[in-house]
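Note sheet for the following structure.
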Amino acid sequence: MYNSMFLFTFKNNYAKINISFLRSERFMGLKNIDNAAASKGKGVETLWQFIKFIVVSLAAFVIQIFLPLLIKLPMNDEFLHRAYDFWIFHNDAPDENGVIVAGLGVFIAANLANVIAQIVSFFINRDKTFNSDANIAITLPIYIIFTIALICFSAWLSPTLIHFFEAKWGWAENLAISVSGAVCGAIQFFLYFPFDKILFPKKKEEATEEATEEAE
């Protein structure tokens, strides 16, 4: 009995140590690549940051495409096709069948997914892509303002595209939602990288080390 308990405790502790070791190895591996890229100059470092940014953006891209489909599941058909008309957002013109294409429910689902995707991207890009210790209290409001501007643009563009795909090309609603989300995500991708690179400067100690190495 005691031998069984000892073996179970040993295996459990070994598994925990092994998991921690693997996690630290992955972290150090990424850190080593970051340092190697930085040592090759600004061009290579920026290229490596762009590659990491692509990976993060792909995750956000997936969220933007598929999360709206989950968000709209509990919504009834009337809400999904309800007309709306406020500020710069207008969709109150029915199609030839008298149905509002990409109504209020679709509008909410698409933009809520967009917000969630950008929140995830903010923290991962700050910590991993750009290795930044930028003050969240300062950078997050700036990021939010920029994101709101892009979301407003996407909130206008997304239903416009959905309506076009459904009314003009006869696409199914889910396909139109997914493709419009992909288009909006691609536009945001090419705008966010230069913005994030400026917003998230490298950690001070790393920047100091690079400056010292260049001086030597």
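May I ask you to derive the relative contact order of the stretch 40-215, considering only C-alpha pairs under 8 Å and at least 6 residues apart, and to give it as an integer percent?
With pairs under 8 Å counted, the relative contact order is 28 percent.
Pull up the cross-link candidates among the lysines for residue 52, meaning alpha carbon to alpha carbon under 23 Å and not fewer than 8 places away within one chain.
Leaving aside lysines fewer than 8 places away in the same chain, those within reach of residue 52 are 31, 40, 42, 128, 197, 202, 203, 204.
Between 91, 129, 107, whose Cα lies farthest towards the positive end of the dipole of the stretch 80-131 when Lys and Arg beta carbons carry +1 and Asp and Glu beta carbons carry -1, centred on the Cα centre?
129
List the pair-distance distribution P(r) of the stretch 40-215, using every Cα-Cα distance, as the percent of pairs falling in each 10 Å bin from 0 up to the bin containing the longest distance, rounded to whole percents.
9, 34, 27, 16, 9, 4, 1, 0
Treating only the Cβ of Lys, Arg, Asp and Glu as charged (+1, +1, -1, -1), what charge dipole size does the stretch 40-215 show about its Cα centre? Round to the nearest 20 debye.
280 debye
Quote the charge dipole size of the stretch 26-128 about the Cα centre in Debye, to the nearest 20; the model charges only the Cβ of Lys and Arg (+1) and of Asp and Glu (-1). Don't jump to the answer; show the numbers that get you there.
Numbers: 9 positive and 9 negative charges, 201 e Å.
With only Lys, Arg, Asp and Glu charged at Cβ, the dipole is about 960 debye.
Every read-out reported here was derived from the displayed coordinates using simple, explicitly stated rules and does not represent laboratory data. From a predicted model like this one, the values you see are computed outputs, not experimental measurements. FYI the Cβ positions are ideal-geometry reconstructions off the backbone, even for glycines, and counts take in every protein chain you see.
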